[in-house]
Structure formats: C-alpha cells, structure tokens
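As structure tokens, the structure follows; a few thoughts come after it.
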Amino acid sequence: MSGIKSFLADTNILVYYLEGRPQLLPYSDTNFLISIITEVEFLGVKYLQGISLQKRESLVKDCIALAFDEEVKNIAIRIKQQTKMKTPDAIVAATAIKYGITLLTADKEFKKIPDLSLLLLEI
C-alpha cells in the first residue's frame, strides 16, 4: 500500500466503480478496504449471476475485508444509540472509525457521525 491512498469503500462506491462512473476515476489506483457488511451487500444481491456476479467477485477479491469484532460492534451500537442510522451503515461507519480509515461513500447519511473521517462523493 506504499504511496497509494486507502479508503474504506461503501457498497455504493463499489457499484459505481463497476459502472465506470467518472467521479471514481481519481480512485482507480486506490486500495479499497471494505467491511464484511459491504461484502455481504455487494455480493448478496438476489438473482445475481453470470458475468455480473463474476465482476463483483473479482472486485471483492481485489479489496481487503476488515474484520467485524467486539470493538466494531460496540462502536456501531454507540452510533445506533446516537442516530437513526440503519444497522449495516452503522457497522460500516464503525469499521472506518475503528481502523482509522476515511470512508468513501455517496451516502449523505454518514454526515450524521461527527467522529467519522468521511469523503462524500456527489454522484
């Protein structure tokens, strides 16, 4: 990872990346880290098969999945107590906080979390 910026990619970023959205071109050399929840959301799409599934699996293999542990759980609980955030999003945010990584997302809901390092893309 030397010299290359790393971000925790939200599920929407992975989808937009595969779609080739121009807003993600500056991140083509980025090491994407993901939470386990992002991997589940990204691959756990009903009726996903064939080349679409293969593209998603290939992208996930290029990412580093960060563990869900007791600390992530406790941070997610605190986030849920303080906001009306959905549980998967709270876990993604908690993962970024625990590992000290900037969350790359297009979801404005993450702005609710004051101690989250956030890079919000307009897509």
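The values are calculated or read from the model by the stated rules, or taken from the named source; none is laboratory data. What you see is a predicted model; the values in this text were computed from it and never measured. Note: ideal-geometry Cβ built from the backbone for every residue, glycine included; neighbour counts use all protein chains shown.
Has segment 89-106 got any residue that is without any contact (Cβ under 8 Å) to a residue 60 or more places away in the chain and among the hydroxyl-bearing types (Ser, Thr, Tyr)?
Scanning segment 89-106, I find no residue that is without any contact (Cβ under 8 Å) to a residue 60 or more places away in the chain and among the hydroxyl-bearing types (Ser, Thr, Tyr), so the answer is no.
Return only the number of the condition from (1) part of a helix (DSSP H, G or I); (2) more than 11 Å from the chain's Cα centre (by Cα) that Thr95 does not satisfy.
Going through (1) part of a helix (DSSP H, G or I); (2) more than 11 Å from the chain's Cα centre (by Cα) one by one, Thr95 breaks only (2).
Are any residues in segment 33-51 under 19 Å from the mean Cα position of the chain (by Cα), outside any loop (DSSP other than H, G, I, E, B) and either under 15 Å from Tyr16 (Cβ atoms) or of a type in the set (A, V, I, L, M) (or both), and if so, which ones?
Correct list: Leu33, Ile34, Ile36, Ile37, Thr38, Val40, Glu41, Phe42, Leu43.
I'm trying to understand the selection: among the residues of segment 56-73, which are assigned to a helix (DSSP H, G or I) and either in contact with a Lys or Arg (Cβ under 8 Å, 6 or more places away or on another chain) or surrounded by 12 or more Cβ atoms within 10 Å (Cβ to Cβ) (or both)?
The answer is Arg56, Glu57, Leu59, Val60, Glu71, Val72, Lys73.
Can you find even one residue in segment 109-116 that is closer than 19 Å to Leu33 by Cβ and loosely packed, with under 15 Cβ neighbours inside 10 Å?
yes
Exactly one of (1) at pLDDT below 95; (2) surrounded by 15 or more Cβ atoms within 10 Å (Cβ to Cβ); (3) not hydrophobic (A, V, I, L, M, F, W, C) is unmet by Glu39. Its number?
For Glu39, the failing item is (1).
Among the residues of segment 21-44, what is the count of those that are touching a strand residue (DSSP E or B) at 6+ places or on another chain (Cβ under 6 Å) and without any contact (Cβ under 8 Å) to a residue 12 or more places away in the chain?
Here the count works out to 0.
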